[in-house]
Structures are given as C-alpha cells and as structure tokens.
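**Q** This structure is in structure tokens; I'll ask about it shortly.
The values are calculated or read from the model by the stated rules, or taken from the named source; none is laboratory data. Treat the numbers as computed from the prediction; the structure is a model and nothing was measured. A quick note on method: Cβ atoms are made from the backbone with ideal geometry, for glycine too, and the neighbour counts reach across all protein chains shown. The protein model used for the area step is the full one, side chains on, heavy atoms only, and it has no ligands, DNA or RNA in it. Shrake-Rupley method; radii C 1.70, N 1.55, O 1.52, S 1.80 Å.
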Amino acid sequence: MKFIDIPIVNHSLKYNPSLDGVRGIAILGVLLFHIWPEYFHYGYLGVDLFFVLSGYLITNIIYTKLNKNSFSFKEFYRNRIRRIFPAVIIVLLFTLIIGYLFLFPSELKDLGHHIKSSAFFYENFRLINEVGYWDKAAQLKPLLHFWSLSVEEQFYIFWPFIIYLIYKFRLNLLYSLLILFIISILVRFFLDIDTFYHSLARFWELILGGLLYAISSKYNYEISKNNIILSNKFLVFLGLISFPLYLWHYVIISYMYIFGLDVQKYGVIIIIVSIVLSYLIYRYIELYFRKQNSYKIACGLFITLFLIGVIGDYIYKKNGLPNRSHLVDNSKWQKQFVREPAKNQKGIVLTKKILGYIPNNDYIKSTSSDISKRYIVIIGDSHAHTSYPGFVELAKKYGYEALLVANSSCPPYIEGAMGKNLKDLKQCQIKIDNIYKILNSKLKIEKVIFATRGTCYMYDIGYGIVDGGGKPYNYHYKEYFERIKDYNQKLIFFKNLKNTFKFFENKNFHLYYLLENPELGFSPKNCMIRPFNIFPLLCRIKKENFLNRQREYRHFVYKISKNYKNIHLLDPKDLYCDDKYCYAVKDGIMLYADDDHHSVDGSIIQAKYFESKVFNDK
C-alpha cells in the first residue's frame, strides 16, 4: 500500500480492502463527531455502522468455517482475544497511568470503577446508571466509548453457538436470522430497558449484519474489492487502524476536557496524535499478537486484562488513592463539588400535610414540618435547590422556616410546563401544579424566592462545550408538540414569565426573582491545582460573554418587573463579576459546584449578598 507502509494481517477470510474502507468511513465519522459535534452531528452513526459490519464479518467467518468443517469454538475465542485484548490492555494502562498522575481522588475513584467494567466488558451497563451519552458529564469519562466494545464482546459470547445450532440442525440461515432480527427489534418495545446502552437494545444491529451476510450469500453478492470509494487508500488505512483509533481518540479527548483544554481548538492535533498512536499499536502490537497461534499467549492476555480490572476495583475501593505523595491538597474545594441531598424528611412531611399526598417534585426540603410557622418558600429548578442552603441560614436568623419545592429542568412558570416529549411535559405540569397548590394553601408564606436558569429554557441551549457544545436540550412547551407552525420558544417563555409575575402581584407575600448567575462554560474542577501544576487554571469568563448570553433575558425581566410592585429582582451580576471578568472563585472560596450551579459556600455567599434586599425589604 503506497499511502503508508502498513502490512496486512492474515485474515480468516479472503481480504477485501473495501470492508476496511467501510471501517474507515465509520471511524472518521465518530472521530469528527467527538471533536466538532456541531459540524458533524451524525458522525455518531459510525458506531452503528461498526455494529452492522461486525455482525456481518463474524457471521461470515463462523458460517464459512462451518461449511468447510474447520470451525472451532476454542480457536474462535482465541482469535477474538488476540485481536482485541492487546490494544485494550495498552489503552487501559495508559488511561490508568494518566489518571494516577493527574486526577483528583474522586476522579480516580470513578475511573477505577470504569477501568474494571471496561476490562470485564460491561461498561454499557455501568453507564446506564451513571450518565447519558449526550450529557455534558459524559465528556469527563475517558472510557465512555467502551460501552460499544462491551456490547460487541457480549454478542460474541453467544452468537457462535446460535450460528452453530442453525448449521447443526440444518435450518435456513436467512430465515433463521430474519426471525432473530425481528425478535431483537421487538425486544426494545416489550422490555423496560435503556434504549441506548443496553445490549438487548443494540443486538439488532449486529444481527442485521449477520442477516446481510445471509442475504449476500444466498444471492452470491459481495462488495467489490475495487470499489472506487471504499477502496480509497486513505479510507482503507483508517479502516486497518480503526480499532486502536477508536480506543485512543476518546481517551485523549476526554482527558483534554478534564484538564480544561480546548478540544475543538486542538482538534487537528488530536486527530494526528490518535492516528500515530493507533498506527504504532497496529503495526507493532496488534500484528504481532495476531500472528501468534499459541493458546498460552491468549491466556496470558486474558489474565493481564483481568488483573487490570482488579487494579481498577482496588483503586475504587481505596477511594481513588488519596494519599498519593504528589497530590496537592484541594480538599476544601472538592467538598464544594458534592451536591446537597434533593429531599429531607421534614420537607416530605410538611408538603404531605399541605397537599394530602407526597408530591412528585424532584427537590423537597424544609427546616420544619410544623404547618403553623412562618415560611420563606424557595421554588424553581435545580438552581433553587443549590440556592437553598444559603437562604436557609438567613431564614433562621430572621425567625423564618424555609421550604424548598423545585423541579429538575421544569421551571414553575405559569403555563410553563416543558419536556422532551408529551409524557415528560405532563409530569412537569403535575410538579408545577403541586407548587402552586402550596402557594395557594393556608401555609403562612411571607416571602417566595424564585430561582431558575432562565436563558437555558428561553433558548433551549446550554452554555459552552461542557454544557452540550451548542446542541439543543430539546425541552419544549406544549405548543411545540401541537405542531404550531410559528412556534417560537423565546416568545412563549416571555409570555409565561409575564403571566407568572401577574400571578404574584396579587398575592399577600413578596416575590424575589433571582436572576441567573454567570454560566462558566467549563468545569470548576479546572480551578483546582492538579499534580505537577502543568495545566491552565480556568477560573473566570469574560463579563462580555456573560452579558451577551443573558442580554435579552435580563432586559426583558427588568422591563416587565417595573410594572409590578410586588416583584423584587435579585441580580447577582456584581457579586460574581468586576468590570472585565466573572469569577468561579472569590476570596479563595469556590462559588460553583459545576459549570452553572452554586456550591454550598457559593449559596451562602449569595444569600448574604441579598440579605438586606430580602429581609429588610418591607
């Protein structure tokens, strides 16, 4: 191959460069998507293409050897080990070493968990209970991409036996796989499983690959070895190194996010480094082991990977090895990254007394369950939850109890129910109704603090790469699902906010509307000093960027609030910002728990900042 000096390994089947061209397209799409998601949004489909191609090839290998009476289960699994394990071992060791050197204990503890589940090939199930693939937190998991490898390896465990039984009982391969394909599709609708990560929700793609082989075999069709596009030398080259390239690229990308480096800015460098490392793995590691027929070597690889998993489990159980000698003490700040519990018993008891049932709201907390006392009620979304600790301290100081009733991604504006679908929207409406039933009850409410992340709902977009990279959240109002042609989320938000202010104007208590604090666009963990202090400390954003993001929102809130005497605005701008910058750290205190929520200390400082406004405003 003239593109680059890269030898071709011996294959179980006759080599077809066009199939490596397909792999090249798949890995290129995935690579570009992970670096520049806003420009290559559908690149993630490369993983689906990998699944189909793997199902096609593995079925081809097994069935062809069965027909030649040369298939061996022992040989099959030996080949899988020598094909997959060497690159996995090297990438996991690299990930572990970098983590040991540079990660904070909480991060290394989490990594240890994922090292174990990646080495044992059940990472997809681990992620079901942790983070969505599209969530901003997913970027901070270096082994997130091992979910797909785990699905494949689980498939390889049982698939040879299914193909063997089809051959043994002389069943029609095409019809048998068609039935299995239909069953695998239907499983997603009859079982309550995660539709992204769960293996049963993904096996249909691999089975589809097997079905395509059965069709091509029946009709004697195969992809041409000289396909003008698929046999392109560059695509074939990428296809040959696609497996180590898939493993390397996301580890590098994720660590760059963790260390506060700009992934998009250095995207080309990431691609070059990933390709070079992948070529070296393929050329000098993968090819070597794929030439080894010894079962002892396969056993050695198996044991090595098993031990890596054991090391990961040890790190997790030892809480991320906090006594590493090279660590810098950041314990005071690390405590601020832990969110407070969402509910407490007093809040549940109090709201049940008021409503007659336990509400389904996401955040319910109170300092008392006594319905006869005076209350400050804090409502809103998760920003209300993180504002609660600070206002609680001041409430006690001035003789009030405090009640928090708030929702996750469901701000309680009048007619403001939102959701990703109608089911979510209906649940959001129930939560909002619960809040207004409490506000309209006989509870002695004297002040209400309303805190939400307004611009997020207004634009349906987060802020910064760490918050979705400009991708929409897809939370919409009912008008969206009614398919109104001129649907405008911003205008509907303004209307709902205005109606909410009208409601509070006629109540016997004051409303304090908390404007949004600056969104950082990066993780505040990047403000901590990492070992060896070689990464930039990103602890501020330009004030201009903050104001540009919130200009329309702030202008509208200020404009309409002037029409209502009972509405008081709490503007945190000057708390966080000076003339040029807005800060994540102030006077040595970490103000944020993540890129947009307050830390407990930040909540306390914010409440003290508004003390005279809230508690001396008659």
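**Q** What single numbered condition from (1) closer than 29 Å to ILE27 by Cβ; (2) part of a helix (DSSP H, G or I); (3) at pLDDT 95 or above; (4) open to solvent by 10 Å² or more (accessible area, probe 1.4 Å) fails to hold for PHE155?
**A** Of everything listed in (1) closer than 29 Å to ILE27 by Cβ; (2) part of a helix (DSSP H, G or I); (3) at pLDDT 95 or above; (4) open to solvent by 10 Å² or more (accessible area, probe 1.4 Å), PHE155 misses just condition (4).
**Q** Taking TYR576 as meeting all but one of (1) touching a helix residue (DSSP H, G or I) at 6+ places or on another chain (Cβ under 7 Å); (2) closer than 22 Å to HIS385 by Cβ, write down the number of the exception.
**A** Exception for TYR576: condition (1).
**Q** If you don't mind, there's one more thing I want to ask. Looking at SER603, SER599, which one is within 28 Å of the chain's Cα centre (by Cα), open to solvent by less than 30 Å² (accessible area, probe 1.4 Å) and within 22 Å of ARG374 (Cβ to Cβ)?
**A** Going through SER603, SER599 in turn, the sole match is SER603.
**Q** Among the residues that make up the range 423-436, is at least one of them under 31 Å from the mean Cα position of the chain (by Cα), buried (at least 21 other Cβ atoms within 10 Å of the Cβ) and not in a helix (DSSP H, G or I)?
**A** Within the range 423-436, not a single residue is under 31 Å from the mean Cα position of the chain (by Cα), buried (at least 21 other Cβ atoms within 10 Å of the Cβ) and not in a helix (DSSP H, G or I).
**Q** Now for a separate question. Looking only at the range 256-276, count every residue that is modelled with pLDDT of 95 or more and part of a helix (DSSP H, G or I) and tell me the total.
**A** Summing the residues that are modelled with pLDDT of 95 or more and part of a helix (DSSP H, G or I) in the range 256-276 gives 10.
**Q** Within the range 232-241, can one find any residue that is under 30 Å from LEU171 (Cα atoms), out of contact with any Leu (no Cβ under 7 Å at 6 or more places or on another chain) and open to solvent by 50 Å² or more (accessible area, probe 1.4 Å)?
**A** No, the range 232-241 contains no residue that is under 30 Å from LEU171 (Cα atoms), out of contact with any Leu (no Cβ under 7 Å at 6 or more places or on another chain) and open to solvent by 50 Å² or more (accessible area, probe 1.4 Å).
**Q** Out of all the residues in the range 211-230, which are open to solvent by 30 Å² or more (accessible area, probe 1.4 Å), closer than 23 Å to GLY21 by Cα and either modelled with pLDDT under 90 or outside any loop (DSSP other than H, G, I, E, B) (or both)?
**A** Within the range 211-230, LEU212, ILE215, SER217, ASN220, TYR221, GLU222, ILE223, SER224, LYS225, ASN226, ASN227, ILE228 meet the criteria.
**Q** Residue check: is ASN496 open to solvent by 60 Å² or more (accessible area, probe 1.4 Å), within 23 Å of TYR363 (Cβ to Cβ) and either of a type outside the set (Asp, Glu) or under 28 Å from the mean Cα position of the chain (by Cα) (or both)?
**A** Working: open to solvent by 60 Å² or more (accessible area, probe 1.4 Å): no; within 23 Å of TYR363 (Cβ to Cβ): yes; either of a type outside the set (Asp, Glu) or under 28 Å from the mean Cα position of the chain (by Cα) (or both): yes.
Spelling it out, it is not the case that ASN496 is open to solvent by 60 Å² or more (accessible area, probe 1.4 Å), within 23 Å of TYR363 (Cβ to Cβ) and either of a type outside the set (Asp, Glu) or under 28 Å from the mean Cα position of the chain (by Cα) (or both).
**Q** Would you check if ILE97 is β-branched (Val, Ile, Thr), part of a helix (DSSP H, G or I) and open to solvent by less than 40 Å² (accessible area, probe 1.4 Å)? Reasoning before the result, please.
**A** Values: β-branched (Val, Ile, Thr): yes; part of a helix (DSSP H, G or I): yes; open to solvent by less than 40 Å² (accessible area, probe 1.4 Å): no.
Spelling it out, it is not the case that ILE97 is β-branched (Val, Ile, Thr), part of a helix (DSSP H, G or I) and open to solvent by less than 40 Å² (accessible area, probe 1.4 Å).
**Q** Another question, then. Looking for something assigned to a helix (DSSP H, G or I) and over 22 Å from the mean Cα position of the chain (by Cα) - is there at least one such residue anywhere in the range 37-52?
**A** Checked against the condition, which is being assigned to a helix (DSSP H, G or I) and over 22 Å from the mean Cα position of the chain (by Cα), the range 37-52 yields at least one hit.
**Q** Any chance you could count how many residues in the range 403-414 are open to solvent by 10 Å² or more (accessible area, probe 1.4 Å), under 18 Å from CYS456 (Cβ atoms) and modelled with pLDDT of 95 or more?
**A** The initial filter retains those residues of the range 403-414 that are open to solvent by 10 Å² or more (accessible area, probe 1.4 Å), namely 408-409, 414.
Now restrict to residues that are under 18 Å from CYS456 (Cβ atoms): 408-409.
Still in the list and also modelled with pLDDT of 95 or more: none.
Within the range 403-414, residues that are open to solvent by 10 Å² or more (accessible area, probe 1.4 Å), under 18 Å from CYS456 (Cβ atoms) and modelled with pLDDT of 95 or more number 0.
**Q** How about the range 572-596: which of its residues are part of a strand (DSSP E or B) and either open to solvent by 10 Å² or more (accessible area, probe 1.4 Å) or over 23 Å from GLU544 (Cα atoms) (or both)?
**A** CYS577, TYR581, TYR583, VAL585, LYS586, ILE589
**Q** Six or more apart or on different chains, Cβ under 9 Å: which pairs go from a residue in the range 189-210 that's at negative phi and in a helix (DSSP H, G or I) to one that's modelled with pLDDT under 95 and not aliphatic (A, V, I, L, M)? Could you list them?
**A** Sorted first by the residue in the range 189-210, then by its partner, the pairs are LEU200/ARG188; ALA201/ARG188; ALA201/ASP194; ALA201/THR195; TRP204/ARG188.
**Q** Of the conditions (1) more than 22 Å from the chain's Cα centre (by Cα); (2) within 20 Å of TYR363 (Cβ to Cβ), PHE501 satisfies every one except a single condition; which number is it?
**A** Looking at each condition in turn, PHE501 falls short on (2).
**Q** Collect the residues in the range 177-210 that are out of contact with any Gly (no Cβ under 8 Å at 6 or more places or on another chain), of a type in the set (D, E, K, R) and open to solvent by less than 70 Å² (accessible area, probe 1.4 Å), keeping them in residue-number order.
**A** The answer is ASP194, ARG202.
**Q** I've got another one for you. Name the single residue that is nearest to ALA395 (Cα to Cα) among those in the range 322-353 being open to solvent by less than 30 Å² (accessible area, probe 1.4 Å) and at pLDDT 90 or above.
**A** GLY347
**Q** Go through (1) at pLDDT below 95; (2) open to solvent by 20 Å² or more (accessible area, probe 1.4 Å); (3) outside any loop (DSSP other than H, G, I, E, B) one by one and return the number of the condition ASN526 breaks.
**A** With (1) at pLDDT below 95; (2) open to solvent by 20 Å² or more (accessible area, probe 1.4 Å); (3) outside any loop (DSSP other than H, G, I, E, B) applied to ASN526, the lone miss is (2).
**Q** On the basis of being of a type in the set (Val, Ile, Thr) and open to solvent by less than 60 Å² (accessible area, probe 1.4 Å), does ILE484 make the cut?
**A** No, not satisfied.
Here is a yes/no grid of residues against (1) among the polar types (S, T, N, Q); (2) part of a loop (DSSP other than H, G, I, E, B); (3) in contact (Cβ under 8 Å) with a residue 40 or more places away in the chain; (4) open to solvent by less than 80 Å² (accessible area, probe 1.4 Å):
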| residue | (1), (2), (3), (4) |
| --- | --- |
| SER278 | yes, no, no, yes |
| LEU287 | no, no, yes, yes |
| ILE297 | no, no, yes, yes |
| GLY300 | no, no, no, yes |
| ILE308 | no, no, yes, yes |
| ILE315 | no, no, yes, yes |
